[in-house]
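A.B. asks: Let me give you the structure first, and then I'll get to my questions.
The values are calculated or read from the model by the stated rules, or taken from the named source; none is laboratory data. Just so you know, these numbers come straight off a predicted model, no measurement behind them. Positions of Cβ are generated from backbone atoms using ideal geometry, with glycine treated the same way; all protein chains shown enter the neighbour counts.
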Amino acid sequence: MRLTRRSLLKKLGLLSLAFAFPQWLKAHPFKKKAHKLVILHTNDTHSQIDPLPANHTKYPNQGGVIARAKLIHEYRAANPHVLLFDSGDIFQGTPYFNRFHGTLEMKLMSKLNYDVVTLGNHDFDIGIDGFMNAQQHATFSFVNSNYDFGQTPMADVVLPFQIIDKGPYKVGIFGLGVDLNGLVPQSNFLGIQMKDPYESAKNIIYTLKKAKCNIIICLSHLGHQYEDPSKPSDLLLAKKVSGIDLILGGHTHTFMDEPVLIQNNEGGQVWIHQVGWAGVRLGVIEIEQGRLKIIQKKVSS
């Protein structure tokens, strides 16, 4: 694949076309439900800008930013209260990343109007300076509450949490990241310290509840579960920490046909969901009148 400035501009132009209001939506407008909250989410997209090839053994012609944009546009056209999240590992996986060093991913996700994103280990593959250079093209927020960014430039752009009001919903969003030691060269995250994800989550949840958030969401890049019972994971987070309503996971590339409902140590319930990798699925969570419905959409042209 030969990547040039011209091919980049073409890609951005095609995405702009995808955002043009589809004719069938004009002809068949949806009746918007003012009290429904729709949460769309991705994880581990790994620089997969184009659909996977037609000869892919598992997901032929699936994924791709343009097809994802069309789905997102349809949900926003049908619902007044939509949020779009990502659970990390935006970078690394195709020549687009090698050529444009993350700027293309940031520009396209900004065009899709992502709201909040957390960090994955591969988002440090070009170091702090590389991330900052790409991040300047992002119009969305980054959150992480268990990395201490110290005096690094990332301290100014990665927030511990974000609160967003959508109709009757006050949504608190925070992020948790996997331990970077052993996954990323130390020089790529020099000056950043790892903190205990469970204690970090408890502290943030206290703050979000004090702010009267009625939905609390964790964007997690810890991974779904591991054989090692001591390794932090989404399942252990759900059991050990109360107050989270929804964990949107990443890192383990787990395709979940159905969400998992976990009861924590205090008797509360938390939903966990993850949609694989490469953007071949779009997670969709609908919340209405206290009821939660999780589905997912195949992303294909």
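A.B. asks: Quick check: anything in the range 205-219 touching a residue at least 40 places away in the same chain (Cβ under 8 Å) and assigned to a helix (DSSP H, G or I)?
C.D. replies: Scanning the range 205-219 turns up at least one residue that is touching a residue at least 40 places away in the same chain (Cβ under 8 Å) and assigned to a helix (DSSP H, G or I).
A.B. asks: Moving on to the next point. State yes or no: is residue 268 surrounded by fewer than 22 Cβ atoms within 10 Å (Cβ to Cβ) and over 22 Å from residue 116 (Cβ atoms)?
C.D. replies: Yes, satisfied.
A.B. asks: Say whether the condition of being touching a strand residue (DSSP E or B) at 6+ places or on another chain (Cβ under 6 Å) and closer than 18 Å to residue 190 by Cα is met by at least one residue in the range 101-116.
C.D. replies: no
A.B. asks: So, one more: Only one of 209, 107, 170 is closer than 22 Å to residue 85 by Cβ, charged (D, E, K, R) and under 18 Å from the mean Cα position of the chain (by Cα); which?
C.D. replies: Answer to the selection: 107.
A.B. asks: Taking residue 231 as meeting all but one of (1) in contact (Cβ under 8 Å) with a residue 12 or more places away in the chain; (2) part of a loop (DSSP other than H, G, I, E, B); (3) not acidic (Asp, Glu), write down the number of the exception.
C.D. replies: Unmet condition: (1).
A.B. asks: May I pose another question? Just one of 262, 272, 244 is of a type outside the set (Gly, Ala, Ser) and in contact with a Ser or Thr (Cβ under 9 Å, 6 or more places away or on another chain); which is it?
C.D. replies: 272
A.B. asks: Across the range 262-294, what is the total count of residues that are under 16 Å from the mean Cα position of the chain (by Cα), under 16 Å from residue 71 (Cα atoms) and outside any loop (DSSP other than H, G, I, E, B)?
C.D. replies: Residues meeting the conditions: 7.
A.B. asks: Something else: Restricting to the range 57-116, and then to whatever is without any contact (Cβ under 8 Å) to a residue 40 or more places away in the chain and aliphatic (A, V, I, L, M), can you tell me which residue is farthest from residue 134 (Cα to Cα)?
C.D. replies: Going through the qualifying residues, I end up with 109.
A.B. asks: What are the pairs, 6+ residues apart or on separate chains, where a residue within the range 180-191 that is in contact (Cβ under 8 Å) with a residue 60 or more places away in the chain has its Cβ under 7 Å from a residue that is surrounded by fewer than 10 Cβ atoms within 10 Å (Cβ to Cβ) and of a type in the set (Lys, Arg)?
C.D. replies: If the second residue must be surrounded by fewer than 10 Cβ atoms within 10 Å (Cβ to Cβ) and of a type in the set (Lys, Arg), no pairs are left.
A.B. asks: Here are some conditions: (1) of a type outside the set (S, T, N, Q); (2) within 20 Å of residue 236 (Cα to Cα); (3) not in a loop (DSSP other than H, G, I, E, B). Residue 179 meets all but one. Which one does it not meet?
C.D. replies: (3)
A.B. asks: Name the residues in the range 250-261 that are β-branched (Val, Ile, Thr) and either modelled with pLDDT of 95 or more or part of a loop (DSSP other than H, G, I, E, B) (or both), would you?
C.D. replies: Selection gives 252, 254.
A.B. asks: Which residue out of 115, 89, 125 is closer than 21 Å to residue 175 by Cα and in contact with an Asp or Glu (Cβ under 7 Å, 6 or more places away or on another chain)?
C.D. replies: Going through 115, 89, 125 in turn, just one is closer than 21 Å to residue 175 by Cα and in contact with an Asp or Glu (Cβ under 7 Å, 6 or more places away or on another chain): 89.
A.B. asks: A further question follows. Looking at the range 251-285, which of its residues are in contact (Cβ under 8 Å) with a residue 60 or more places away in the chain and polar (S, T, N, Q)?
C.D. replies: Of everything in the range 251-285, just one residue is in contact (Cβ under 8 Å) with a residue 60 or more places away in the chain and polar (S, T, N, Q), namely 274.
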